1. Could you order the peptides 231-237, 178-184, 260-266 from most to least packed, using the average number of other C-beta atoms within 10 Å per residue?
2. Provide the packing ranking of 80-88, 130-138, i.e. peptides ordered by the mean count of other C-beta atoms within 10 Å per residue, highest first.
3. Helix 146-165: angle to the longest alpha-carbon principal axis of the chain, degrees 0 to 90, nearest 10?
4. Per residue of the chain, what 222 nm ellipticity follows from adding -39500 (n - 2.57) for every DSSP H run with n ≥ 4, rounded to the nearest 500?
5. At a 1.4 Å probe radius, which order do Ser252, Ser26 fall into by accessible area, largest first?
6. Once you wrap a convex hull around the alpha carbon atoms of the chain, what is its projected area averaged over all directions, in nm²?
7. Classify segment 251-310: rounded, prolate or oblate, from the alpha-carbon gyration tensor (a ≥ b ≥ c, eigenvalue square roots; a/c under 1.5 rounded; otherwise prolate if a/b is larger than b/c)?
8. Share of segment 214-261's accessible area from carbon and sulfur, percent, 1.4 Å?
Amino acid sequence: MEGKRGIQTVLVTGGAGFIASHLVDSLVAVGLRVVIVDNLSSGRRENINPKAEFYPMDITDEGLAGIFKKERPEIVFHYAAQISQRRSFAAPILDAKTNIIGSLNILENCGAYGVNKIIYASSAAVYGYPEYLPCDEEHPIRPTSHYGVSKHVVEHYLHVYQQLYRLEYLVLRYANVFGPRQAHSGDAGVVAIFSQRMRSGEPITIFGDGKQERDFIYVSDVVAANMLALEKSGGIINIGRGQGISIEKIFSEIQRQTSYRREPKYAPAPVGEVPRNYLDVRKAARELNWRPVVGIEEGLLKTLLSLMPS
């Protein structure tokens with residue numbers, strides 16, 4: 001069965017991970033044949049849609065060419081990445097190897113095997129300390145972490161590969177995505193950590209004063225933007241809710257929904273953390289006809305419900 005506008009095969013890197021596994025489910029649901037490449041370093045096998053073809057491989061592996069040669073995807077969604085800003089400070093070479101060298105391996109194979117378009121998952125981390133809010137796509141690029149640098153470098157490579165191979169591309173710069181399947185340990189998102197710990201009655205530490213603001217967007221809204229991106233090419237588009245919400249407010253809302261009784265502890269903010277950042281998403285409305293539909297309270301409740309035993 002053909003999917004959207006004649007597209008048949010889509011390859012998703014990192015397709016066992018948090019956001020990308022939800023995307024795979026939606027791609028399968030519209031009749032596309034989906035190929036997943038994931039080394040399962042952070043993705044989980046149970047996230048993999050059984051109707052997708054799965055290759056357990058790192059994106060830096062030379063064997064990736066064999067997958068492209070066999071599967072011949074028309075579209076690539078590139079999600080596989082080292083996503084922790086903190087880890088990028090501790091291991092900048094590893095961050096660059098995964099996010100830059102791995103992405104180059106993807107792009108080389110896109111060019112060699114006739115991929116029509118790549119949709120790249122970038123990050124609001126490329127903006128750094130905002131000169132103004134909300135940050136639009138024309139905001140100066142001054143990342144404050146190795147992670148932000150590595151994500152932005154690939155955006156430049158995309159333009160080069162467009163010139164070399166006529167490879168169409170679309171960059172989606174994400175705010176703070178949350179929802180079911182997000183890891184709740186290590187450097188996971190704050191919503192996932194708070195939700196899991198409050199459900200279990202465990203203590204919670206807020207890094208910084210808690211007044212720092214982030215743009216939180218529920219995962220199904222992000223997936224909807226990606227599905228619309230199947231029929232859009234060219235440029236860079238922010239994906240977020242377009243409003244800042246403090247970490248303390250996120251804590252308070254999850255606390256209310258779980259009846260958690262403990263007060264949080266506080267610790268120094270991580271190196272390079274930006275006090276306030278949220279995105280201007282008007283371009284997404286104009287060019288993708290996309291708007292977020294899941295409110296914060298609803299999204300937090302859905303996330304908590306996903307943690308309940310089935």
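The values are calculated or read from the model by the stated rules, or taken from the named source; none is laboratory data. Since the structure is predicted, the reported quantities are computational estimates derived from the model, not experimental observations. All Cβ positions, glycine included, derive from the backbone under ideal geometry; neighbour counts span all protein chains shown. Note: areas computed on protein heavy atoms with side chains; ligands, DNA, RNA excluded. Shrake-Rupley method; radii C 1.70, N 1.55, O 1.52, S 1.80 Å.
1. Values: 231-237: 15.3, 178-184: 20.7, 260-266: 13.0.
Ranked from most to least packed, the peptides come out as 178-184, 231-237, 260-266.
2. On the way: 80-88: 22.4, 130-138: 15.3.
The peptides rank, most packed first, as 80-88, 130-138.
3. Between the helix axis and the principal axis of the chain, the angle is about 20 degrees.
4. Values: 11 runs with 114 residues, N = 310.
Helices in the chain give a 222 nm mean residue ellipticity of -11000 deg cm²/dmol.
5. Numbers: Ser252 60, Ser26 35 Å².
Reading off the accessible areas and sorting them downward yields Ser252, Ser26.
6. Values: hull surface 60.4 nm².
The number I arrive at for the chain is 15.1 nm².
7. Numbers: a/c = 2.93, a/b = 1.28, b/c = 2.29.
Because a/c hits 1.5 or more and a/b fails to exceed b/c, segment 251-310 counts as oblate.
8. Details: 740 of 1700 Å².
Reported share for carbon and sulfur atoms: 44 percent.
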